[in-house]
Amino acid sequence: MVAAALLVVGVSTEDSQSETGKAVHDETAEATGSDKATELAAGSESGDDAGADEPVAAEPEPDHDEEERLLGVDVESPAAVTAAVIVSLGLAVGLWLRNRRWLAIVSVGVGVVFAVFDIAEIRHQLEESHTGIAALAAVVATAHLAAAVTAGLSASAAGPP
């Protein structure tokens, strides 16, 4: 349950940081565009025609609207986050109320799969230089692995399948 809560916190934090970064990027692009227009106007007024016939190369901008995908899954969509939380909570409650071997084995698998996504997220966040979110993702990965280990121990002591 802790991992589910931290997942929600991490996604929310990343969303707020990406929106802030996008706003700063948009403001910078607007300022840069107006500066270039001023430079072009100043160049034409001074009679400086050097390079006037050359097209101005537009700088490629990263696509900020493209949804982030890890291993082919849009991990930041509200549906994916909601599904992950519901699955996590459902398995935890199921194991708490009915200690069945098959449920423990499913929990091990889900914990490992979630940890793989968390590790991919750590790598992504480190590439983006978001060390705080990467550290949070590492805590979530550890929690998912701990849940998988605990569910594995529960599977060996669980009741009938």
Completion exercise
Ser129 fails exactly one of (1) modelled with pLDDT under 90; (2) not in a helix (DSSP H, G or I), namely (1)
Problem - Test result for Val116, of a type in the set (A, V, I, L, M, F, W, C), within 13 Å of Val75 (Cβ to Cβ) and in a helix (DSSP H, G or I) - result: yes
Exercise for the section: Being in a helix (DSSP H, G or I) and touching a residue at least 40 places away in the same chain (Cβ under 8 Å) is the filter here, so list the residues in the stretch 92-113 that pass it. Expected result: Ala92, Leu95, Arg101, Trp102, Leu103, Ala104, Ile105, Ser107, Val108, Gly111
Fill in the blank from the handout: Of Val149, Val139, Val81, Val93, the only residue that is closer than 22 Å to Thr13 by Cα and either more than 23 Å from the chain's Cα centre (by Cα) or modelled with pLDDT under 95 (or both) is Val81
Handout entry: Test result for Val73, at pLDDT below 95 and either more than 13 Å from Ala151 (Cβ to Cβ) or touching a strand residue (DSSP E or B) at 6+ places or on another chain (Cβ under 6 Å) (or both)
Key = yes
Fill in the blank from the handout: Of the conditions (1) of a type outside the set (Gly, Ala, Ser); (2) closer than 20 Å to Ala5 by Cα; (3) surrounded by fewer than 15 Cβ atoms within 10 Å (Cβ to Cβ), the single one that Glu127 does not satisfy is (2)
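The values are calculated or read from the model by the stated rules, or taken from the named source; none is laboratory data. If you're wondering where the values come from, they're calculated on a predicted model, not measured in any experiment. Counting neighbours? That spans all protein chains shown, and the Cβs are built from the backbone with ideal geometry, glycine included.
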